[in-house]
Every structure is written in structure tokens, then in C-alpha cells.
Amino acid sequence: MSDPRSAPPSALIVDDEHDIRELLVLTLGRMGLRTDTAATVAMARAQLAQATYDLCLTDMRLPDGTGLDVIATIAANHPDTPVAMITAFGNVDAAVEALKAGAFDFVSKPVDLAVLRRLVTHALDLNERRRQGLGKIRADAGLGRLSGNSQAMQTLRETVAKVARSQAPISISGESGVGKELVARTIHAEGGRASGPFVPVNCGAIPTELMESEFFGHRKGSFTGAHVDKAGLFQAADGGTLFLDEIAELPMQMQVKLLRAIQEKSIRPVGASAEIPVDVRILSATHKDLAGLIADGRFRHDLYYRINVIELRVPPLRERIEDLPILADTILVRLSAAQHRQPPSLGSDALAALKTYAFPGNVRELENILERALALADGDVISVADLRLPSKSGSSNDRPVGPVIPRDPRTMNPRESATSALPSYIEEIERAQIQQALVENRYNKTRAASALGITFRALRYKLKKLGID
């Protein structure tokens, strides 16, 4: 009996147009795939009842139904088989509907053979990783990636395992510091594009006037300072994943151009005369309410519809506080390894204090607290004093970790109030507002200054004046 692993990969092609079927059979055959064909949903179901395939390509419109019916059949009986939808050119609604239904990817008619070959390659790579067991998410992978045994994290891991098999755009939402980029990296690492590049970009950190060049590249001489050709972020991520962090910060003009690049799977560098095809999966993230921004006219509904094919919410640390012990241990092991020392353990008093802390900065704040504690701890046990957590009044043993609660001059004695209350009170309000803006903007000073309505230079001056590190 022959080893099934030595057999060539197989594909089922479902399309009622003979010429399309013939083209796909020829193209996939040259790639080394064995192909079967079907012209209707009923014929496809009959084929699927007799054999298992490594890939299915199905047209959207079929004589006795739609490609969504084929997707549903495969999802119920062959959940590991990737399905790609063939849609009419420009029919974005159909493509999005297919992706939401569970399609691996889509390709538009007339079929671009280069795009088709890349799609097939990604699907086969994903199947190979699954067969080798590389697609299983491990709690100890990477930097404590997706650690935790809470129900919230178990659900998140299960969802990530499912969406990693797709090429659909994913919108990752969650508060600052919850680990949205780690989730994005995990999706990339567990999917069919794992061998390709993962390119993260903070949309709020790129000056508006340079955005188009940064995203799409430019040609030499296209503007002052363009001395050489430059590839953009889309080209850098070709064959892999482009992670657009803080996508809500994109200005309207850039939102329009991004939408076209995603829909057409091609870009036009600044100064170029023709578009360049790109093969990029888009993952995006924000801590803001995109639906609210749409209602305010600050984010395009059509772009939201395109990037939010699948929405993934990362829970804040306070919603999974039972994960804190394993998170703390994982972080301490990593930090200690970087310092070539044995990891200390958390004392019972320290662990109890952490469990009652609100963590406005989420996992990122936990990492900062433990890094500081690691430096302050004398022995092999971290005590509550080493943590330097803010007290009930909002201050810590050294510097405030979160926003300072300003002191009301009405609570001061008359002499204190008369001599220093007003300047001190105003200064504390400034300090609290600045620290809150820094936390909400992930300590990006440019974005924090914008949120505060002041210039970057003014913010830098105030940080120095107020002694904020």
C-alpha cells in the first residue's frame, strides 16, 4: 500500500464555465496538483463525499446554488480543507461575504495566474504545517505568547487557531498594553505565511506627508529628496503579513488609498506609471472605538467593512486576573534569562498585591512593574515593597506608575493654600493629564502631544519641567 504522504496534493475545482475549469486544471497541474472538477454544488458535494482534498476553488455563482454552499459543506465535513472563492471583478461584497463564511481567500475574474499560484502555495504550506503539527499554538511559544488558562484566553487561542488558517483581514481590538501585536504575530506564525515577513507599522508614528511613500514606496525624482527608488511597507511585507497598528490614526486621504490597495491587491508607488501587484495579508489593531469614529465621520465605513472581516477582541488583564501567576512567572523567566540570572519567585504578599491592582496599562504595565522589581529585589523572592505599586492615593514609593490624583486646595490648611495651593494644584492636573495621554497612546510622545492639543516640543518641555520619565 502506498504512503498517502507521497501522493501529490489534490484540488477540487468547482465552476460551471468549461473554459475556467480548463484554465485552472492546467495551471494547478503545472504546479504538481492532481485535480477533480465539478460544475454544480451537487456535483461538488458528491466529489467531497468520496475524497479529501488539499484545496478547493469554487465560483461564487453556480447553477444550483452558490460557492457559499460549497464552503458550508466543507466546513461541516472537511474543516481542514482551505476553500478559495472565485468572484466577479470588483465584487468586494461577495469576497467579504465568502471570507466571513470561512473561505481561505478569494481571487477575482479574470483570474490573475500569478495571484492564483501564490494563493495555492499559501494553502499548501498551511496544510503542510498542519500535518507536521507546526500549527498548534503552544502556551510557552515565543515571549509567553497568549499565556493563561482563563476561559477568556482559552477562547482567544481557539479563535486564533481558526483565523490563522484563513487569509481574511482581521481587526484586533483591545485596550493599550493587552498584547495586540503578540496576537497578530501569533496569527502570522501559525498560518500559511509563516515563512514570509511580518511587518508591523505604527500608523500614528508616520508623519502625514510621508505616509503614501512609506506605505507604497516611491520612484527616484518623484519629489524633493527622493534620490533613489524606495520600496514601501506593502512591498516589504510581500508574501507575508502587514500589521497596521493604531489604524484609527490614519488620515482620511490615506484611508482611501489603503482601501484601494487592499481591494485590488496592488499598489502604485509615488511617481510610478503603473501599479504593482502585492501579496499581503492585512492585520490591523486599535484601542479606539472604530464604530464611534465612523459615526463621527473620522473613519471610512467601507474601509472598516474591508478590514473587519473577522474581529478579534483581546481581553484586558483585569478580566483574566486568574492568569496573573503564570503571566508573572513567564515574564520573570524571560527577563532573568536576558540578565543571565536565575528567575526569582513572587512572594505571597507581592502576588496578593498584584491581584488587587487594576492594571490600567495591562500586560505591558505588568512587565514594567516586574522589570523594576527584578532590579530592586535583593534575594530570590520579590516582595510587595519591590513592586513599588501605586498606593490608594495614586502615588508610589518612587515615581507614579499611573495618573496622579491631583490634590484639591480645599483640603489644605489656610497657610498652605494661600502660599502654594493654586500653582501646585494646576501642576498636578497637568501631570495627571500628560501621564494619562502617554498611557493611552502607548508612550508615543508624538501621538500624546496631538491628543493633548500641544506641540511635540511643548510636551517635551513639560515632561522635563514636571520630572516625568
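The values are calculated or read from the model by the stated rules, or taken from the named source; none is laboratory data. Computed from a prediction, not measured in an experiment: that's the story for all the values here. Cβ sites come from the backbone with ideal geometry, for glycine too, and all protein chains shown count toward neighbours. Heads up: the accessible areas ignore ligands, DNA and RNA and are worked out on the full protein's heavy atoms, side chains in. Shrake-Rupley method; radii C 1.70, N 1.55, O 1.52, S 1.80 Å.
Straight-line reach only, C-alpha to C-alpha below 19 angstrom: list the aspartates and glutamates that residue 465 could link to, leaving out same-chain residues fewer than 8 apart.
398, 427, 428, 430
Do the sum for the chain: with -39,500 (n - 2.57) for every DSSP H run of n ≥ 4, divided by all residues, what is the mean residue ellipticity at 222 nm, to the nearest 500 deg cm²/dmol?
-13000 deg cm²/dmol
What is the set of long-range amide H partners of residue 266 at a cut-off below 5 Å, with H atoms built 1.01 Å from backbone N?
Amide H neighbours of residue 266: 278.
Any of 109/220; 109/162; 162/257; 230/257; 288/445 with alpha carbons more than 22 Å apart? Name them for me.
Violating the 22 Å limit, Cα to Cα: 109/220; 109/162; 162/257.
Show me, for segment 377-387, the HN-Hα J-couplings you get by feeding each phi into the Karplus relation (A = 6.51, B = -1.76, C = 1.60, θ = phi - 60°), rounded to Hz, glycine and proline as x.
Calculated HN-Hα couplings, in order: 5, 7, x, 9, 10, 8, 9, 5, 5, 5, 6 Hz.
Within a Cβ distance under 13 Å of residue 295, other residues only, what is the Lys/Arg minus Asp/Glu net charge?
Taking every Cβ under 13 Å from that of residue 295, the sum is +1.
Between residue 42 and residue 302, what is the label-to-label distance in nm when each label sits 7 Å out along the Cα-to-Cβ direction?
Reported label-point gap for residue 42 and residue 302 is 4.0 nm.
How fast does segment 144-222 diffuse by Stokes-Einstein, in µm²/s, taking the Kirkwood radius from C-alpha pairs at 37 °C and 0.692 mPa s?
My calculation gives 220 µm²/s for D.
Give me the accessible area per residue for the chain, probe 1.4 Å, as a whole number in Å².
49
Can you compute 3J(HN,Hα) from phi for each residue in segment 355-361, using the Karplus curve 6.51 cos²θ - 1.76 cosθ + 1.60 with θ = phi - 60°, rounded to whole Hz and x for Gly and Pro?
The phi angles translate into 5, 9, 8, 7, 6, x, x Hz.
Calculate, in nm to one decimal, what residue 375 and residue 260 gain on full extension: separation in residues at 0.36 nm each, minus their alpha carbon distance.
That pair, residue 375 and residue 260, stretches by 36.5 nm at full extension.
How much length would be gained if the chain were fully extended between residue 460 and residue 341, taking 0.36 nm per residue of separation minus their Cα-Cα distance, in nm to one decimal?
Separation in residues times 0.36 nm, less the Cα-Cα distance, equals 39.2 nm.
How high is the relative contact order of segment 265-343? Use alpha-carbon pairs under 8 Å, at least six apart in sequence, and give a whole percent.
The value is 13 percent.
Express in nm, to one decimal, how much length is gained between residue 22 and residue 51 on full extension, taking 0.36 nm for each residue of separation and deducting their alpha carbon distance. Walk me through the numbers on the way to the answer.
On the way: separation 29, 0.36 × 29 = 10.44 nm, distance 2.06 nm.
Once the chain is fully extended between residue 22 and residue 51, it gains 8.4 nm.
Relative contact order for the chain: what percent, with Cα pairs under 8 Å and sequence separation of 6 or more?
Result for the chain is 11 percent.
Sequence-distant or interchain residues sharing an amide H contact under 5 Å with residue 107, placed H: which?
85, 86, 87
When all protein chains stay in place, what accessible area (Å², nearest 10, 1.4 Å probe) is found for residue 97?
That residue has around 90 Å² of solvent-accessible surface.
In Å and from the alpha-carbon atoms only, list the Rg and Dmax of segment 1-125.
13.4, 47
Can you tell me the relative contact order of segment 225-286? Whole percent, Cα pairs under 8 Å, sequence separation 6 or more.
49
From the protein chains alone at 1.4 Å, what is the descending order of accessible area for 158, 428, largest first? Present the calculation step by step, with values, prior to reporting the outcome.
Working: 158 110, 428 40 Å².
Per-residue accessible area, sorted high to low, gives 158, 428.
According to a simple spin-label model (label point 7 Å from Cα along Cα-to-Cβ), what is the distance in nm between residue 334 and residue 228?
Those two pseudo-labels are separated by 3.4 nm.
Can you bin the chain into rounded, prolate or oblate? Criterion: square roots of the alpha carbon gyration tensor eigenvalues sorted a ≥ b ≥ c, rounded for a/c under 1.5, prolate for a/b above b/c, oblate for the rest.
Taking the square roots of the gyration eigenvalues as a ≥ b ≥ c, the chain is prolate.
Apply the Karplus curve 6.51 cos²θ - 1.76 cosθ + 1.60, θ = phi - 60°, to the phi angles in segment 21-35 and return the couplings in whole Hz, x for Gly and Pro.
4, 5, 5, 5, 4, 5, 5, 5, x, 5, 8, x, 9, 8, 10
Mind listing the long-range amide H neighbours of residue 37? Cut-off is under 5 Å, sequence gap 5 or more, other chains count too, H placed in the peptide plane at 1.01 Å from N.
The answer is 13.
Expressed as a whole percentage, what fraction of the accessible surface of the chain belongs to carbon and sulfur atoms when a 1.4 Å probe is rolled over the protein heavy atoms?
52
Separation between the residue 385 and residue 30 pseudo-spin-labels, each 7 Å from Cα along Cα→Cβ, expressed in nm?
Taking the two extended label points, one gets 7.5 nm.
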